[in-house]
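First comes the structure, then the notes that go with it.
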Amino acid sequence: MERFAAKNTGAHVTYSGPASVGQPLDQYQRLIESLTNHAIFSLSADGRIATWNSGAKQTFGYDEHEVVGKNYSLIFTAEDIASGRPGKELRAALEHGKESVDGWHVRKDGTRFWCTDTVQPLRDAGGTVTGFTKIVQDSNDGHLASERLRESEERLRLLIEGVTDYAIFSIDLDGCILLWNSGAEHVFGYREAEVLGKHFSLVYTAESIARGVPAAELAAAERDGHAPDEGWHVRRGGDLFYASGEMTRLKPDVDGKPRGFVKVAHDITARNEAEETNKRQAFHDELTQLPNRAFFSDSLRRSIARAKRHPTSRFAVIFIDLDRFKIINDSLGHVMADGLLVHVARTLERCVRPEDVVARLGGDEFAILISELRGTVDAGLVAERVQAALQHPFDLDGFEVFTTASMGIAIGSSTYDKPEQILRDADTAMYEAKERGRAQHVLFDFDMHARAVGLLNLQMDLRRAIARQEFCVEYQPIVSLDHCRVVGFEALVRWNHPERGMLPPAEFIDEAESIGAIIPIDRWVLHEACRQIHAWQVQSGDLTLTMSVNLSSKQFAQETLLAEIRAALQNNDLTPASLKLEITETVLMEKFETIAATVAQVGELGVELYIDDFGTGYSSLGYLTRFPLKVLKVDRSFVSQITSNPRSAVVARTVVALAHSLGLGALAEGIETEQQLSKLQDLGCELGQGFWFSKPVHADIAQHLIGHVLPLHADAPAA
Ligand code: C2E
Ligand code: CA
Ligand code: CA
């Protein structure tokens, strides 16, 4: 009973000081003394420390004798003293009977700690205040620390809970989520319970994580205090959205210990939509909805970078060009052709894995990027799959359309630096596939590259050659086979290449045709040859001398050809009969429709047409009667074997006979021996040319052959 009374008032214990402690109080004193993790001490009414238990010693580091009689403000921080906290605490305790406060206290060694204080006034039997008791609970031990954190987080939670359009969450130093507001639930779609303790990177895309974005963000926030973040994030369920936000480092606690980070993020997908549309337009092909060339290059750039990081990783580019798309376009019209392109786009998409990229590079060109290649054969398999898929006819408005494609494959590796390089190689291989007859795929190799580079150089050189007048003409005499006398010449172009020397037409004519350079070349040869034959006619007085000029099919497709020929004749004072134009049999056959009109007009002009390389083309004789032709030139391949191969002899005889029966002349090309000559003479072939008489020669030499019987060494002088 006494014990309870003593305890209830506590008066004797604390107020009278240790000296006056009686027996029952002594026990109480010992109890208090034994509480080592609770600092319990008493104060006099004016705030001086009266008693000091062992918990207080342990908590504050002061011994009893150091503090007893001193003002209790010595355990407060300077700021709290300045703000009058010690006095306020006591007044509040008086007012309310008890005061509990959280706050900082300072130990003897100057370190601070967070604690919860409870202060109660002590009164004597008459109710007069005689002093105070104070219990200090140091929150810095494990359980209490998390308790405190929970409490402070509770406050933070209340503060930020109302925010719903901004995600706010806090994470610890390792990036694990501690706090998740309703804004975060709204923005990221996860409820708090699902994410607490999880790493915050769960809202980042796999690609960002692979690039180390979350880790870099933490590091930057740690270093600079805050780190801005803008980019794609993942909502629960996998939807992507674009967010802008910032990671902020929390102020370290009073002991300087880091406390973690807070992240605020805002969904700005909507705001970005306009930008996105722009991006889509910049990266997408409107017609097929496939990524475009820019997008493809971008993906390629990333693949190259990956290959550089992991040199064993391989990728492949398949360059796809539809075969004869132009014909479809011309015959079925643009709308149908567009429909075909869209069908092709969908077909290609079905032939690849989701991680591969299918793009339309332009026109009828597509490309596939195979991002992870296990073996080279894999790329070939994809190409085969594409080829097979394209062979199924598409139904375009009731029309069945199908197409084939030529494909070039380049295997990507760390040796490539730029997207253009690998695209170029795949393109080169694709051309090779076209050359080999279309509807197939070809794997790029480095010889192809060398050839392609050679071709490119040739094209550039050709364009310059015209301006620099690097072309010249050689003349090969044409003789009448009855007397072997020179009756005219064939003009044969040469290219005096600044580095490679004199080049024969075989080295450049095809290329010149393909880039259109043949037109100015042929035009120049025509004028030059006309100028030359006029000079020789005047010089020799023989106005029957003729000049044969070769024309490419391109030339015949030019509307200006007729005017060109007229000008060449007029400028050089020539009669139309002096000029012969040679056109190959193949051209006449293949380009029949486009050149028919021009050929007819040339005939009306009085300029004779020779059919070159006769016998090498398709055997359709119908056209022979439809054109104003004058001479068939028996191809050299028959002439060269006319004495050795009976079949060639038959063809040669047939051609000569055919010419005659159609009322045309025959000219044998490539006569190299006397035997060949006599055989052709026997067949009644009127004209001939060939090395037996003379090689094509420079004009200076050619002029000495005029009026002579050839060959010169066969001692038959001129008339
Ligand atoms: P082509 O019109 O059939 O010209 C005859 C070719 O046979 C010439 O080759 C000539 O040098 C060669 N040749 C003549 N006689 C003999 C012989 O006895 N034996 C052998 N082995 N060859 C002989 P070249 O000058 O190399 O011309 C090749 C082709 O280039 C020409 O074939 C012609 O199709 C084309 N070409 C030449 N000049 C021009 C031109 O100015 N314009 C166009 N478009 N093509 C030209
Ligand atoms: Ca010719
Ligand atoms: Ca020929």
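Taking only region 553-578 into account, find how many residues are small (Gly, Ala, Ser), surrounded by 12 or more Cβ atoms within 10 Å (Cβ to Cβ) and farther than 19 Å from VAL538 by Cβ. Working first, answer last.
Filtering region 553-578 for residues small (Gly, Ala, Ser) gives 553, 557, 563, 567-568, 577-578.
Narrowing further to those that are surrounded by 12 or more Cβ atoms within 10 Å (Cβ to Cβ): 553, 557, 567-568, 577-578.
Now drop any that are not farther than 19 Å from VAL538 by Cβ, which leaves 553, 557, 567.
Number satisfying all stated conditions: 3.
Anything in region 268-308 that is charged (D, E, K, R) and at pLDDT 85 or above? List them, or say none. Listed by number, the residues that qualify are ASP285, GLU286, ARG293, ASP298, ARG301, ARG302, ARG306, LYS308.
Criterion first (within 16 Å of ligand 1 (Cβ to nearest atom) and assigned to a helix (DSSP H, G or I)) does THR616 satisfy it? Talk me through it step by step, then tell me what you get.
Working: within 16 Å of ligand 1 (Cβ to nearest atom): yes; assigned to a helix (DSSP H, G or I): no.
Criteria not met by THR616.
Return the residue satisfying two criteria in turn: it lies in region 482-513 and is more than 22 Å from LYS695 (Cα to Cα) and in contact (Cβ under 8 Å) with a residue 24 or more places away in the chain, and of such residues it is farthest from ligand 3 (Cβ to nearest atom).
Taking region 482-513 and keeping what is more than 22 Å from LYS695 (Cα to Cα), we get 498-499, 510-513.
Filter once more, so that each one left must be in contact (Cβ under 8 Å) with a residue 24 or more places away in the chain: 498, 511-513.
Values: PRO498: 29, GLU511: 19, ALA512: 18, GLU513: 16 Å.
Selected residue: PRO498.
Conditions tested, residue by residue: (1) open to solvent by less than 60 Å² (accessible area, probe 1.4 Å); (2) within 16 Å of ligand 3 (Cβ to nearest atom); (3) not aromatic (Phe, Trp, Tyr).
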| site | (1), (2), (3) |
| --- | --- |
| LEU677 | yes, no, yes |
| GLN681 | no, no, yes |
| CYS685 | yes, yes, yes |
| PRO696 | yes, yes, yes |
| ALA699 | yes, no, yes |
| GLN703 | no, no, yes |
| VAL709 | yes, no, yes |
| LEU712 | no, no, yes |
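Scanning region 602-661 for residues that are at positive phi and more than 53 Å from the chain's Cα centre (by Cα) yields a single hit, GLY606.
Pairing residues of region 334-350 that are within 14 Å of GLN391 (Cβ to Cβ) with residues that are surrounded by fewer than 19 Cβ atoms within 10 Å (Cβ to Cβ), at Cβ distances under 6 Å and at least 6 apart in sequence or on separate chains, gives LEU340/VAL401; HIS343/PHE394; THR347/ALA389. In region 301-319, is there at least one residue being of a type in the set (A, V, I, L, M, F, W, C), free of Cβ contacts under 8 Å to residues at least 12 places away in the same chain, open to solvent by less than 80 Å² (accessible area, probe 1.4 Å) and out of contact with any Cys (no Cβ under 8 Å at 6 or more places or on another chain)? Yes, the conditions are met somewhere in region 301-319. Six or more apart or on different chains, Cβ atoms under 8 Å: show the pairs whose first residue is in region 560-575 and in contact (Cβ under 8 Å) with a residue 60 or more places away in the chain and whose second is among the charged types (D, E, K, R) and open to solvent by 60 Å² or more (accessible area, probe 1.4 Å). Every condition considered, no pair remains. Picking from residues in region 189-203 that are touching a strand residue (DSSP E or B) at 6+ places or on another chain (Cβ under 6 Å) and either in a helix (DSSP H, G or I) or open to solvent by less than 10 Å² (accessible area, probe 1.4 Å) (or both), the one that is nearest to ARG306 (Cα to Cα) is VAL203. Residue count for region 253-267 under the criterion of being of a type in the set (Lys, Arg) and either surrounded by 13 or more Cβ atoms within 10 Å (Cβ to Cβ) or at pLDDT below 70 (or both): the result is 2. Looking only at region 357-401, residues that are surrounded by 14 or more Cβ atoms within 10 Å (Cβ to Cβ) and either aromatic (Phe, Trp, Tyr) or out of contact with any strand residue (DSSP E or B) (no Cβ under 9 Å at 6 or more places or on another chain) (or both) come to 5 in all. Might you let me know whether region 328-349 holds any residue that is surrounded by 15 or more Cβ atoms within 10 Å (Cβ to Cβ) and not in a helix (DSSP H, G or I)? No: zero hits. Being among the small types (Gly, Ala, Ser) and modelled with pLDDT of 85 or more is the filter here, so list the residues in region 98-131 that pass it. Across region 98-131, the qualifying residues are GLY110, GLY131. Please find, among GLU564, GLU608, the residue that is in the same structural domain as VAL655 (by TED's automatic domain parsing) and closer than 27 Å to ARG636 by Cα. Residue meeting the stated conditions: GLU608.
Kindly check whether there is at least one residue in region 574-587 that is away from ligand 1 (no atom under 16 Å from the Cβ), assigned to a loop (DSSP other than H, G, I, E, B) and in the same structural domain as VAL651 (by TED's automatic domain parsing). Spell out the reasoning first.
Taking region 574-587 first, the residues away from ligand 1 (no atom under 16 Å from the Cβ) are 574-578.
Still in the running and assigned to a loop (DSSP other than H, G, I, E, B): 574-575.
In the following step, the residues that additionally are in the same structural domain as VAL651 (by TED's automatic domain parsing) were identified as 574-575.
The answer is yes; a qualifying residue exists.
LYS633 falls short on exactly one of the conditions (1) within 16 Å of ligand 3 (Cβ to nearest atom); (2) of a type in the set (D, E, K, R); (3) out of contact with any Leu (no Cβ under 7 Å at 6 or more places or on another chain), and that condition is (3).
When every residue of region 648-662 is checked against the conditions, none turns out to be over 27 Å from LEU574 (Cα atoms), surrounded by fewer than 19 Cβ atoms within 10 Å (Cβ to Cβ) and within 16 Å of ligand 2 (Cβ to nearest atom).
Taking first residues from region 532-551 that are of a type in the set (Lys, Arg) and partners that are within 16 Å of ligand 1 (Cβ to nearest atom) and part of a strand (DSSP E or B), no Cβ contact under 6 Å between residues at least 6 apart in sequence or on separate chains turns up.
The values are calculated or read from the model by the stated rules, or taken from the named source; none is laboratory data. All values reported here derive from a predicted model rather than from experimental measurement. Cβ: placed from backbone, ideal geometry, glycine included. Neighbour counts: every protein chain shown. Surface accessibility is based on the protein's heavy atoms, side chains included, excluding ligands, DNA and RNA. Shrake-Rupley method; radii C 1.70, N 1.55, O 1.52, S 1.80 Å.
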